[in-house]
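Only one structure is covered here, and it is reproduced in the block below.
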Amino acid sequence: MLFYFYLFIMPKIRLLSPDLIAKIAAGEVIERPASVVKELLENSLDAGAKSIKIDIEKGGLQKISLFDDGAGMEKEDLEVCHKPHTTSKLETDEELSRIMSLGFRGEALSSIAAVSEMIIRSKTALSPIGHQTKILNRKIVEKNPVGMPSGTQIIIENLFENTPARKKFFSSETLEFQHILNLVTKIALSFPKVGFDLSHNKKSVLSLPKNQTPDERIRRLLGDKIFSFLLPLSFESPHLKLHGFLGKPQIAARSKNKQYLFINQRLVRNLPVSLAIKEAFGSLLDPKSHPVFFLDLRIAPENLDVNVHPRKEEIKFLSSKAVTKEICAAVRETLEKNNLLFSHYSPDSFEENSPHTAMLLREQTPIWNVRENLEEKEILQLHNTYLIIETKTGALLVDQHAAHERILYEQFLKTFQEMNAKKHRYEFPEAIVFSLPLSETKHLENHLETFSELGFDIEPFGHDTFKVSAVPEIFKERNIFSLIREVLGDLMEEKNISIDRYSEKTISYLACRSAIKAGDYLTPEERKRLVEKLGQTQSGYTCPHGRPAQIEISKTELEKMFRRR
Ligand code: ADP
Ligand code: MG
């Protein structure tokens, strides 16, 4: 009896064996075969490799080999590089805040060694021969000199064989290889100067020459079709440099997996940056779509914390707000330059001699132009909702509501800017008083200043009521109360909405409310006017909420549909 009692109170905490500690730690860094490839690639890139060859067998579970032509390691370094916390990239605390290399944790090779069998060969340019070590259960079991070119070769076999619990998760070699291919594609995008060769089960899958330009690399990896939908972005400020491409709204995706962000060449996810870019697209995208982008951000390493994720997939900015503000401005500038967006900064900046906004408004270039032959064209209305028209290169389908919304939106926006909201106010002969549910009252109170900047004169009028005495001229005939409520509703969901986005929103509601609806019959004359006006808009591809307003079907596509090609 006493024996059982002692058993019960025996201490339960014990120190794990070094082997188990190593395996547990490795689990964080090496999640799946693609994590091994990522760490090996980062090491090769840090070593200045110009060509990297990766051979995968059975999704990486059987074998991963990598060959690089980087700086290589001397014998002494080679013999310690697989040990935990060994790195040549970092020495002092202070250096941690100035990391420019991809690696710095000194954990990758030791983590891989804990869950696989590894052979490392390496030779520096100065050494006449190379050296090789074979590592089993985290220990060197063999050392030999070898003849080899300068660089490093690493062969990893039987990954996760000694951690059966983890191995169970990888049932599909194809899926694991897909992860590896995605990863290599992404890394190759940010290092166009480096050549990459990737094979699976001895079949070549990817072969990218070295010294490509960023454009060549993107074309090669993603194809000419996607490339034709990209807008180049180039932006420099005293704090950061941003270069790359934005996808036009037509190729926006339902998920964020087409967002490639490299910060100091490190492939990372960063929610504030993703959100800032989406915000900058404004009404060009519907709320559920995510913009496509390839962006290479360079920023002083002191402004970053790269040590916030075991696999280095995330970073933190010291001042996220300042960075995202500049990124948002860079994206808007690119969209404006490509006539996809109206510039709608503060209406006060709209002066005769301010080239910025005024030029953009005047130099409208229609995105397509059917005007010259519109006269003879017959426009068909289908189901009182869609219009169809022959064009030089195919057929154009138009959604009449979305198209009219876009036209009105741009008209309203233009009038709004030109009139200078604050100066052209319409004062009601008698102020309108309205009340709001209590939950919304606070909200409106917080936004009174925003409304005032837009030219609305709203004051609290006791308890849950407000008094509107003036509105911008163009809004004077609208149902102001429902407009204010709708916008408020939206503001509640989307906090921190900017003034630009906000005025844009107000205007898009107006456009939507006043536009012809699906189901309205249009006379041939009205159809013609609608199509003509749509041709003159700046971003006629989508309605202000981002739904398509027109879809062009090319002759080639028609021919393909009918198998004429
Ligand atoms: P980290 O990259 O964080 O320093 P690793 O465990 O990935 O840690 O690598 C340990 C060290 O081994 C590196 O700091 C580097 O000196 C050396 N090393 C690893 N791979 C290579 C390579 N491909 N070429 C040259 N040196 C390498
Ligand atoms: Mg490393």
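Summary of values
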| read-out | value |
| --- | --- |
| I251 versus N211: modelled label distance in nm, points set 7 Å from Cα along the beta carbon direction | 2.8 nm |
| Cβ-derived FRET efficiency at R0 22 Å, R485 paired with E427, nearest 0.05 | 0.50 |
| Which of S199, S51 is most accessible, then next, and so on - probe 1.4 Å | S51, S199 |
| Calculated over the stretch 16-85: convex hull of Cα atoms, volume per residue (Å³) | 108 Å³ |
| Distance between the stretch 243-312 and the stretch 134-160 - C-alpha centres, whole angstrom | 38 Å |
| Reference-scaled alpha-carbon Rg (2.2 N^0.38 Å with N residues) for the stretch 284-325 | 1.47 |
| Accessible area in square angstrom per residue, the stretch 7-72, 1.4 angstrom probe | 49 Å² |
| Alpha carbon convex hull of the stretch 214-336, volume per residue in cubic angstrom | 106 Å³ |
| Cα Rg, Dmax, the stretch 63-105, angstrom units | 12.5, 38 |
| Net length gained if the chain between Q178 and E91 were fully extended (0.36 nm per residue, minus Cα distance) | 27.7 nm |
| Volume in Å³ per residue [convex hull over Cα atoms, computed for the stretch 1-120] | 165 Å³ |
| Over 27 Å between alpha carbons, listed pairs K225/K377; K139/K193; K53/K258 | K225/K377; K139/K193 |
| Two-decimal Rg/Rh across the stretch 18-208, once Rg and the Kirkwood Rh are taken from alpha-carbon atoms | 0.94 |
| Residues with amide H under 5 Å from that of M100, placed H, sequence gap 5 or more | none |
| Radius of gyration, Dmax [the stretch 266-348; alpha carbons; angstrom] | 14.4, 49 |
| Y409 accessible area, assembled protein chains, probe 1.4 Å, Å² | 10 Å² |
| The stretch 214-336: relative contact order in percent, alpha carbon pairs under 8 Å with at least 6 residues between | 28 percent |
| Dipole axis of the stretch 203-315 (+1 Lys, Arg; -1 Asp, Glu on Cβ), positive-most option in P209, L284, V268 | P209 |
| Length released on extending from V80 to A125, taking residue separation times 0.36 nm less the Cα-Cα span | 14.2 nm |
| The stretch 90-124 residues near the modelled N307 label - backbone nitrogen below 14 Å, point 7 Å along Cα→Cβ | 90-101, 103-107 |
| For R219, solvent-accessible area (1.4 Å; no DNA, RNA or ligand), Å² | 110 Å² |
| Cβ-derived FRET efficiency at R0 45 Å, S237 paired with A25, nearest 0.05 | 0.65 |
| Under 5 Å, built H, 5+ apart or other chain: amide partners of C543 | A549 |
| At R0 = 22 Å, FRET efficiency that the Cβ-Cβ distance of E552 and A518 yields, to 0.05 | 0.65 |
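The values are calculated or read from the model by the stated rules, or taken from the named source; none is laboratory data. Since this is a predicted model, take the numbers as computed values, not measurements. Don't worry about glycine lacking a Cβ; one is built from the backbone with ideal geometry, like all the others, and counts go over all protein chains shown. These area figures cover heavy atoms from the full protein model, side chains too; ligands, DNA and RNA do not enter into them. Shrake-Rupley method; radii C 1.70, N 1.55, O 1.52, S 1.80 Å.
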